[in-house]
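Data first, discussion second: the structure below is written as structure tokens.
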Amino acid sequence: QVQLVESGGGLVQAGGSLRLSCAGTGITLMRQYMAWYRQAPGKQREFVARVSPNSSTDYADSVKGRFTISTERAKNTMYLQMDNLKPEDTGVYYCKLVVGYTYWGQGTQVTVSS
């Protein structure tokens, strides 16, 4: 059974940093299409960052230069390093895995205070 579990969210002041983790069980996360999305209150879920099977990465314009997506084989985990956080980064962050079927984690809350 495939399961994705996010962690690492929390409350941080503007300008601070957080690192989100997405741990996978039941499937390897390496060389897969994986992504981070977020959903702010009252808004639709939006794309944040992705890593492709060939390890190329892409970011939403709003987070370029501040967020970094990565994976760690030994822990079968995907990360999102978030630096210079802004209040508009507040939301629930979800990891996504696409292997024919799409899997989502349960989400982790990130709150950035001004």
Quick one: P(r) of the chain from all Cα-Cα pairs, 5 Å bins, percents rounded to integers, in order of increasing distance. 2, 13, 25, 26, 19, 10, 5, 1, 0
Hey, any idea what % of the stretch 20-71's accessible area is carbon plus sulfur with a 1.4 Å probe? 46 percent
Give, as a single signed number, the net charge of other residues whose beta carbon lies under 13 Å from the beta carbon of SER7, with Lys and Arg counted +1 and Asp and Glu -1. +1
Gain upon complete extension [ARG73, SER17; 0.36 nm per residue less C-alpha separation]: 17.8 nm
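If exposed means no more than 10 neighbouring beta carbons inside 10 Å and the site is in a DSSP loop, what's the longest run of the chain without any exposed trypsin sites (Lys or Arg not before Pro)?
The answer is 1-42.
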For q = 0.13, 0.18, 0.22 Å⁻¹, Debye-computed log10 I/I(0) when each Cα of the stretch 18-63 counts as one equal scatterer: -0.36, -0.66, -0.90
Skipping prolines and chain starts, which residues have an amide H placed within reach, meaning under 5 Å, of the one on THR71, given they are 5 or more residues away or on another chain? TYR79
Net dipole in debye of the chain [+1 Lys, Arg Cβ; -1 Asp, Glu Cβ; about Cα centre; nearest 20]: 160 debye
FRET E, pair ARG31, GLN1, Förster distance 25 Å, beta-carbon r, rounded to 0.05: 0.75
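The values are calculated or read from the model by the stated rules, or taken from the named source; none is laboratory data. Keep in mind that this is a model prediction, so the values were computed, not measured. Every residue, glycine among them, receives a Cβ derived from its backbone with ideal geometry; neighbour counts consider all protein chains shown. Ligands, DNA and RNA are stripped out before the accessible areas are found, and what is left, the full protein with its side chains, is counted by its heavy atoms. Shrake-Rupley method; radii C 1.70, N 1.55, O 1.52, S 1.80 Å.
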